[in-house]
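Participant: Below you'll find the structure I mean.
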C-alpha cells in the first residue's frame, strides 16, 4: 500500500500541475476523454475524491457508506460540477484532494483491512483506496493537459495500470488483443471477441490504447488497430 499511496500523492501533484496550466477558457473545451470538457473532467476528479471519502468513512467506522447513493449520482455530480465557475471548480478539486489525503492518514492498520465496495461492485480491502485514487488523478491529468502523455507517468504505475485494465477487459466484448511493448519487455493478452490482434508500441502508447484514449501510437502488423469500448 505504501507504493499506491506514493502514486496517489504523486498523481495529485501531477493533476494539480495540469490544472494550473489549463486556462479558464480552455476548461470549457474538449479533453482527450471523448465527450468530456475540462470542466466535466475536473468536476469528476473532485467528485471522485468525495466518493472515496465515503469509503474512508466506511473503513474507519464500519458503517456501510457506498461511493455514490445511487447509480445516477456520479453522472449528476459531474453535470452539476461542470456548471460551476472555473475558480470554484479549481478550489473544490484541490480541497477535496486534501480532505481525502487527511482522512486516509487517520486510518489504522485494522481499518485499512476492512472490506469496502467499489462503484463497480467489487468487494476489496480499504487498502485499495489509494490505488483507486492514483488511477483517477494520473490518467485524468493526461486527459486534461495536452502537454502530458501516458509516457510522462511513472513506469511502475503504468505497468500496474496495464495489468488492471487488462483484467477488467478480459472476457468481455472487447476485441481479443496481444499487446507487446516496443522493447519486447512486456506483453499482455486480452481474451475477447474474435482472433487476437497483435499490437506494438511504447509502454505509454499501449496503456493509452488499453484505456480507450484516442491517438495511441500503436501498430498492428496484421492490419487495422481495433477500437476499444469504454474501460470504466
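Participant: What ranking do 189, 168 get, fewest neighbouring Cβ atoms within 10 angstrom at the top?
Facilitator: 189, 168
Participant: Kindly state, to the nearest 0.05, the FRET efficiency for residue 102 paired with residue 124, given R0 = 25 Å and r defined as their beta-carbon distance.
Facilitator: E(calc), rounded to 0.05, equals 0.70.
Participant: Something else: Which entry in (1) 1.37; (2) 1.03; (3) 0.96 matches Cα Rg over 2.2 N^0.38 Å derived from the coordinates of this structure?
Facilitator: So the structure-derived entry is (2).
Participant: Same structure again: For the range 153-224 and the range 12-65, what is the separation of their Cα centres, given in Å?
Facilitator: 25
Participant: Could you work out the relative contact order of the chain? I mean the mean sequence separation of Cα pairs under 8 Å and 6+ apart, divided by the number of residues, in percent.
Facilitator: 20
Participant: OK, next. Residue 50 to residue 117: extension gain in nm, 0.36 nm per residue of separation minus the Cα-Cα distance?
Facilitator: 22.6 nm
Participant: Ranked highest first by average number of other Cβ atoms within 10 Å, how do 219-228, 89-98, 39-48, 120-129 line up?
Facilitator: Highest to lowest by the protection proxy: 39-48, 89-98, 120-129, 219-228.
Participant: Something else: How far is it, in nm, from the label point at residue 95 to the one at residue 83 when both lie 7 Å from their Cα along the line to the Cβ?
Facilitator: Computed distance between label sites residue 95 and residue 83 equals 2.0 nm.
Participant: Next up: Calculate the FRET efficiency for residue 222 and residue 37 from the Cβ-Cβ distance with a Förster distance of 35 Å, rounded to the nearest 0.05.
Facilitator: 0.45
Participant: Taking R0 as 30 Å, what's the FRET efficiency between residue 23 and residue 198 from their Cβ-Cβ distance, rounded to 0.05?
Facilitator: Rounded to the nearest 0.05, the efficiency is 0.15.
Participant: I need the peptides 150-160, 136-146 ranked by packing, meaning the mean over residues of other C-beta atoms within 10 angstrom, with the highest value on top.
Facilitator: 136-146, 150-160
Participant: Right, something else. For Cα pairs less than 8 Å apart in space and 6+ apart in sequence, what is the mean separation divided by the residue count of the range 81-166, i.e. the relative contact order in percent?
Facilitator: Relative contact order, the range 81-166: 12 percent.
Participant: Most mobile of 205, 26, 51 per a Gaussian network model of the chain (Cα springs, under 10 Å)?
Facilitator: With Cα springs under 10 Å in the chain, the top fluctuation among 205, 26, 51 is at 26.
Participant: Can you sort 209, 57 from fewest to most other Cβ atoms within 10 Å of each residue's own Cβ?
Facilitator: If I rank by nearby Cβ atoms, fewest first, I get 57, 209.
The numbers here are math on the coordinates, done by the rules we state, and not lab data. What you see is a predicted model, and the numbers here were worked out from it, not measured in a lab. Backbone-built Cβ (ideal geometry, glycine too); neighbour counts: all protein chains shown.
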